[in-house]
Amino acid sequence: MIRLAIDGAVQNQFGKAAVGILWIEDKQQTPYKFPLQVEMDNHEAEFWALLIALELLKKQDKTTEWIMCQSDSKTMVEAVNRRFHPNKKYHRLALNVQNQLKEFPNFQLNWVSESQNKGADQLAKQALHQIVG
């Protein structure tokens with residue numbers, strides 16, 4: 001089983017953004033930090049954290065593994081799991097995620113509190129610091 005902790009970070013309310021992903025497999029942790037090239041709000045960064053995590057899984061040929069993914073973004077988790085969000089921008093991102101998830105038959109996305117997602121949060125903040133100084 002693969003456990004993923006994902007998080008997005010944004011400068012202020014809207015601005016430069018980054019994501020952090022903590023990949024845990026066979027008791028080994030692998031950290032990933034990605035500065036993003038487009039300005040966005042925090043909710044968008046959370047969706048991008050998941051999309052990037054899915055891309056990492058595909059690149060490592062892990063689409064059929066049991067994957068438990070956690071995020072502290074209720075907005076993103078609910079939008080993806082319900083396949084709907086009233087905000088058109090978030091709705092499109094949720095549908096994009098759902099389209100990617102078709103390749104992952106054993107994928108579970110769960111909400112956790114911020115205190116349970118500190119590893120991914122730190123990675124996202126470190127990546128953001130790389131681009132904002």
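The values are calculated or read from the model by the stated rules, or taken from the named source; none is laboratory data. Here the structure is a predicted model, which is why all the values come from computation and not from measurement. So basically every Cβ, Gly included, is an ideal-geometry build from the backbone, and we count neighbours across all protein chains shown. Each accessible area value is taken on the protein alone, full model and side chains, heavy atoms only, with ligands, DNA and RNA left out. Shrake-Rupley method; radii C 1.70, N 1.55, O 1.52, S 1.80 Å.
Taking label positions 7 Å along the Cα-Cβ direction at both H91 and Q60, the computed distance is 3.5 nm, reported to one decimal.
Across segment 128-133, computed HN-Hα scalar couplings (Karplus, 6.51 cos²θ - 1.76 cosθ + 1.60, θ = phi - 60°) run 5, 4, 4, 9, 10, x Hz from first to last residue, x flagging Gly and Pro. Take the alpha-carbon centre of segment 92-133, take the same for segment 1-42, and report the distance between them in whole Å. Distance between centres, Cα-based: 6 Å.
Size of the dipole of the chain about the Cα centre, Lys and Arg at +1 and Asp and Glu at -1 on the beta carbon, nothing else charged, in debye to 20? All intermediate terms of the calculation are to be shown ahead of the outcome.
On the way: 16 positive and 15 negative charges, 46 e Å.
So the dipole magnitude of the chain works out to roughly 220 debye.
A crude spin-label estimate for the pair Q108 and E78, with each label 7 Å from Cα along the Cβ direction, gives 2.1 nm.
Per-residue 3J(HN,Hα) values for segment 93-105, derived from phi via the Karplus relation 6.51 cos²θ - 1.76 cosθ + 1.60 with θ = phi - 60°, read 5, 4, 5, 4, 4, 4, 4, 5, 5, 4, 8, 10, x Hz in sequence order (x marks Gly and Pro).
When segment 1-74 is described by a simple charge dipole with +1 on each Lys and Arg Cβ and -1 on each Asp and Glu Cβ, the residue from L51, M40, W66 located farthest towards its positive end is W66. Take every pair of alpha-carbon atoms less than 8 Å apart whose residues are at least six positions apart; their mean separation over the length of the chain yields a relative contact order of 35 percent.
The aspartates and glutamates within cross-link reach of K74, meaning a Cα-to-Cα straight distance under 14 Å and a gap of 8 or more places when in the same chain, are D7, E44, E46, E114.
Close amide-amide hydrogen proximity is noted between L36 and A17, A18, V19, each under 5 Å apart and 5 or more residues distant or on a separate chain (H modeled in the peptide plane; Pro and chain starts excluded).
Across segment 20-32, computed HN-Hα scalar couplings (Karplus, 6.51 cos²θ - 1.76 cosθ + 1.60, θ = phi - 60°) run x, 9, 10, 9, 10, 8, 6, 6, 10, 9, 10, x, 10 Hz from first to last residue, x flagging Gly and Pro. In segment 8-102, the portion of solvent-accessible area held by carbon and sulfur atoms comes to 48 percent [1.4 Å probe, whole percent, DNA, RNA and ligands not counted]. In this structure the chain gives 56 Å² per residue of accessible area when probed at 1.4 Å with all protein chains present.
Scanning residues 5 or more positions from W66 or on other chains, those with amide H under 5 Å from its amide H are I2, with H placed 1.01 Å from N in the peptide plane.
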